[in-house]
Amino acid sequence: EIARSLYRGDGYLFFHHGVPFRSAYMPVFPMLCAFLHMLGGPSLWLFYGFHLACSAVMIASVHALARAVWGDRVAFVAAWLVAIEPGLIVYQSYKVDAVPLASVLLVLALLAVLRHARSGGWREAGLAGAFAGLAALTRPDMIFFWLAPAAWVMQERFSAKVLRGLLVMSLAFTVVLCPWIIRNYIVQGRFMPATTLAGVNLWIGNNPNSTGTPWARNGLTQWQAAPNDFKAVIATGPELASDDHYRHE
């Protein structure tokens, strides 16, 4: 829906239970979807081609990562495991989802961290931070990328090289994230590095009808099973007030 809105020229917008949301979901994948629609029209054939390309890059990147750490034999096995992993097959074949792109960006960031740890080059550190920033702008949980530099720092003796690498990674990461954060502040008047649908997700998993899924105990959707007074408050908006109410509940 966001991609269609961008394609129509209406901006970064979608409606959730009648409330217009202008900062929900991270921007890279909806913008990519809009771009693919511009190239290929309303059909999804370009999405599937893009997902297959992600699959190929994922296999090659995991092979390179494993080869650098454990050698050719382990790299061969790792690449095959990625190629036949059921979850990746599902997401890289017929679903239109951010998972394939986010996964590829994360592995590329990890590969860049490894190469920087061995060469000390600022270019590899910058690529690691840039790939990580793009991954975080695709799925916010990709922020766990920073466990890799943390592990590298823990096994290295702290030095000017380590400090320089961390600074370059952090700078590149920040530069990539800044346009989205600045845009959200202009639109919403609030510091918002990530999605505003976090409140919705917390509510779905933590309410009296919750089953841990979007479906309630009585077989209805969570929204259908919610009390009418709760739905009335949500429907009045605006976006941040709606999300705050979900969080409160």
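The values are calculated or read from the model by the stated rules, or taken from the named source; none is laboratory data. Predicted, not measured: the structure shown is a model, and the values here were computed from it. Every residue, glycine among them, receives a Cβ derived from its backbone with ideal geometry; neighbour counts consider all protein chains shown. Calculation scope for accessible area: heavy atoms of the full protein, side chains included, ligands and nucleic acids excluded. Shrake-Rupley method; radii C 1.70, N 1.55, O 1.52, S 1.80 Å.
Observations on the model:
- Between Asp141, Asp72, Asp229, the Gaussian network model of the chain with springs among Cα atoms under 10 angstrom shows the greatest mean-square fluctuation at Asp229.
- With only the Cα atoms considered, region 1-121 has a convex hull volume of 133 Å³ per residue.
- Residue of Gln188, Gln224, Gln92 that the Gaussian network model of the chain assigns the largest fluctuation, springs spanning Cα pairs under 10 Å: Gln224
- Computed accessible area, Leu88, all protein chains, 1.4 angstrom probe, square angstrom: 30
- Local net charge near Val77, Cβ-Cβ under 13 Å (Lys/Arg +1, Asp/Glu -1): 0
- Solvent-accessible area of Phe29, all protein chains in place: 30 Å² (probe radius 1.4 Å, heavy atoms, ligands and nucleic acids excluded).
- In the chain, the C-alpha radius of gyration followed by the widest Cα-Cα span (Dmax) gives 20.6, 61 angstrom.
- Rolling a 1.4 Å probe across the protein heavy atoms gives region 1-108 an accessible surface of 54 Å² per residue.
- Within the accessible area of region 1-157 (1.4 Å probe), percent carbon and sulfur: 68
- Taking amide H positions as modeled 1.01 Å from N, with prolines and chain starts lacking one, the residues under 5 Å from Phe21 and 5 or more places away or on another chain are Phe14, Phe15, His16.
- Between amide H atoms placed 1.01 Å from N, distances below 5 Å from Thr221 occur with Ala216, all of them 5 or more places distant or on a separate chain.
- Gap separating the Cα centres of region 13-37 and region 180-245, nearest whole Å: 16
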